[in-house]
Amino acid sequence: MPSIEPTSPPQRDAPVIDDSVRTQVVWRDSREAALRVLRPAASRAFFKLVSFALATALALAAWRALTISLPTEQRAVLFLLVLSIGLWATEAVPAFAVGFMILGYLVLVLGTDLVLPEPWDVTPYTNMWASPVIWLILGGFFLAEGMSRTGLDRKLLTVAIRPAGTRPDRVLLALMLTSAAASMFISNTSTTVLLVGAVLPLCRRMDRDDPFARGLLVAIPLSAAVGGMGTIIGSAPNAIAAGSAAEFGRTVDFVEWMMIGAPIALVLVLVGWAFVLRRYPPRVEEISFDVGDDDPGAEGRRERIIVGAVAAVTVGLWMTTPLHGIHTAAISLIPIAALTMTQIVEADRVRQLPWDTLILVAGGLALGAAVVDTGLAERLASALGTVTGLGSAPLVYLVLALVTVALSNVMSNTATVSVVLPVSVALLPGRELETCLILGLSASCALLLPVSTPPNAVAFSTGELETRDFRPGGILIGLLGPIVVIAWVLLISESVVG
């Protein structure tokens, strides 16, 4: 069998993944971001206007028809909940704008006498901006930006994949493990852009009848998505889940989450690897590619050393929190301070960080807290009491996890968790930790469509894949993933999180 070595330029058109796409999708974690990859120049202004009107009308109808008997504060928050779901699902406005709306609405409606005779203390909702979860994510943003700025991410990926040799099965496994590991600490979108750009020339030089070329492009977004389960900063739903658990006195630190999420990610990557090899068997005996290893020069090497040292110290402290007791949010200040003081992450790059993601997370945390504080979660849970009638907590978890996966396939997984989690927690009082972990992790199992997650969209935008290529893997991970998550969380959560 021939050996494939992509030493000459691709014979087909250049990759779709260019700097403009990289700018558009980096750090995003919503269906809107995926659509921007697939249709970056499409105008949907009229559709968004109609969607906004329909979402608002639905919220008003539900509010008037279903909330007459509810207390005033529950009616107000239910209207906000239905409106948020409608806006997130239809993408009538950007997802982060809904986060702004949630915070402003709660301050206006609950914090003044406009609706309530006695205003509530809304400080807990406005303080979501300073939540430890927000600082943890922000620290991860700065680390990833520093690695991208210096090319250290490409260097590390090259080092990780090179030992795999040239056997297709080993190269595929190394590629998937590298994608998953990188997605635990940097954007899964950035990871996918980098790796898809590296393998695309190889895929386009392969025989058109060789299914392994498509298998490589399917494997990268799959492993990047599930790899995000491994750490709190790996995916925004993880942060939402950790923040919700903290509201019930069950704080999950960085290393505790990693002990729960990383094994699940590893199992799903291995399952995905076996699936890709079976569905897309290679017809060549050897393949070889490189993700790029340019010489940055003396100045670049100095910056790489600084970023590498900062990353090592930060991640090391995150992973040894039980030993020294320093809060993970405080540790997150290290990359923020160090990389800005050394001017590796300059002012213009700070402005380009995904602040909209932080706004979305803060809004989601505030919405969940309001649903719980007003008693609306318990009331909605009582209306969903038929789920608890299944008679088994694992079955209840499975139904809720599958609902989370289904919704995450058509709307932002962050938004999905923000909406589903508060109601689900009320269904199983006393099991708040397990519920938060299961639903937060299950949100990363939505891989059915090109628009389900930005990594899928990046791979689809190459033109080498069709929508049907995502279905088998999406169904496999969408059904098996929640089962693995539930089994592992129920087995280990109580022993890991005290």
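The values are calculated or read from the model by the stated rules, or taken from the named source; none is laboratory data. Keep in mind that what you see is a predicted model, and the values were worked out from it rather than measured. Don't worry about glycine lacking a Cβ; one is built from the backbone with ideal geometry, like all the others, and counts go over all protein chains shown.
Points to keep in mind about this one:
- Meets criteria (loosely packed, with under 14 Cβ neighbours inside 10 Å, under 28 Å from the mean Cα position of the chain (by Cα) and either part of a helix (DSSP H, G or I) or at pLDDT below 85 (or both)) for Thr23: yes
- Considering (1) under 18 Å from the mean Cα position of the chain (by Cα); (2) of a type in the set (Phe, Trp, Tyr); (3) more than 30 Å from Gly430 (Cα to Cα), the lone condition that Phe212 does not fulfil carries the number (1).
- In this entry, Pro163 is excluded by the filter for residues that are more than 30 Å from Thr314 (Cα to Cα) and either more than 22 Å from the chain's Cα centre (by Cα) or not aliphatic (A, V, I, L, M) (or both).
- Residue match in region 460-467 (condition: without any contact (Cβ under 8 Å) to a residue 12 or more places away in the chain and either over 21 Å from the mean Cα position of the chain (by Cα) or not in a helix (DSSP H, G or I) (or both)): yes
- Among (1) β-branched (Val, Ile, Thr); (2) within 15 Å of the chain's Cα centre (by Cα); (3) closer than 26 Å to Pro211 by Cβ, the one test that Ile475 misses: (2)
- Hey, Leu80 surrounded by fewer than 20 Cβ atoms within 10 Å (Cβ to Cβ) and in a helix (DSSP H, G or I) or not: no
- In region 367-388, the count of residues that are in a loop (DSSP other than H, G, I, E, B), out of contact with any His (no Cβ under 8 Å at 6 or more places or on another chain), modelled with pLDDT of 85 or more and surrounded by fewer than 23 Cβ atoms within 10 Å (Cβ to Cβ) is one or more.
- Look at (1) modelled with pLDDT of 85 or more; (2) part of a helix (DSSP H, G or I); (3) in contact with a Pro (Cβ under 9 Å, 6 or more places away or on another chain) and you find that Pro282 fails only one, number (2).
- Some residue of region 135-151 being assigned to a helix (DSSP H, G or I) and more than 29 Å from Gly308 (Cβ to Cβ): no
- Long-range neighbours under 9 Å by Cβ, at least six apart or interchain, first residue closer than 18 Å to Thr328 by Cα within region 223-246, second in a helix (DSSP H, G or I) and charged (D, E, K, R): Ser244/Glu432; Ala245/Glu432
- Any chance Ser288 is in contact (Cβ under 8 Å) with a residue 12 or more places away in the chain and over 27 Å from the mean Cα position of the chain (by Cα): yes
- Test: residue in region 441-454 that is in contact with a Pro (Cβ under 9 Å, 6 or more places away or on another chain) and part of a loop (DSSP other than H, G, I, E, B): yes
- Selection status of Val419, among the β-branched types (Val, Ile, Thr) and closer than 18 Å to Thr251 by Cα: no
- Out of Ile137, Ile85, sole residue that is more than 29 Å from Met259 (Cα to Cα), within 20 Å of the chain's Cα centre (by Cα) and crowded, with 17+ Cβ neighbours inside 10 Å: Ile85
- Pair list, Cβ < 8 Å and 6+ apart or interchain, from region 109-136 residues that are under 24 Å from Asn238 (Cα atoms) to residues that are of a type in the set (Asp, Glu) and part of a helix (DSSP H, G or I): Pro124/Asp373
- Among the candidates Asp356, Asp348, the residue that is more than 19 Å from Glu256 (Cα to Cα), in a helix (DSSP H, G or I), without any contact (Cβ under 8 Å) to a residue 40 or more places away in the chain and among the charged types (D, E, K, R) is uniquely Asp348.
- Listed conditions (1) assigned to a loop (DSSP other than H, G, I, E, B); (2) crowded, with 24+ Cβ neighbours inside 10 Å are all met by Asp209, apart from (2).
- Residue in region 163-177 that is under 26 Å from Ala239 (Cα atoms) and surrounded by fewer than 23 Cβ atoms within 10 Å (Cβ to Cβ) present: yes
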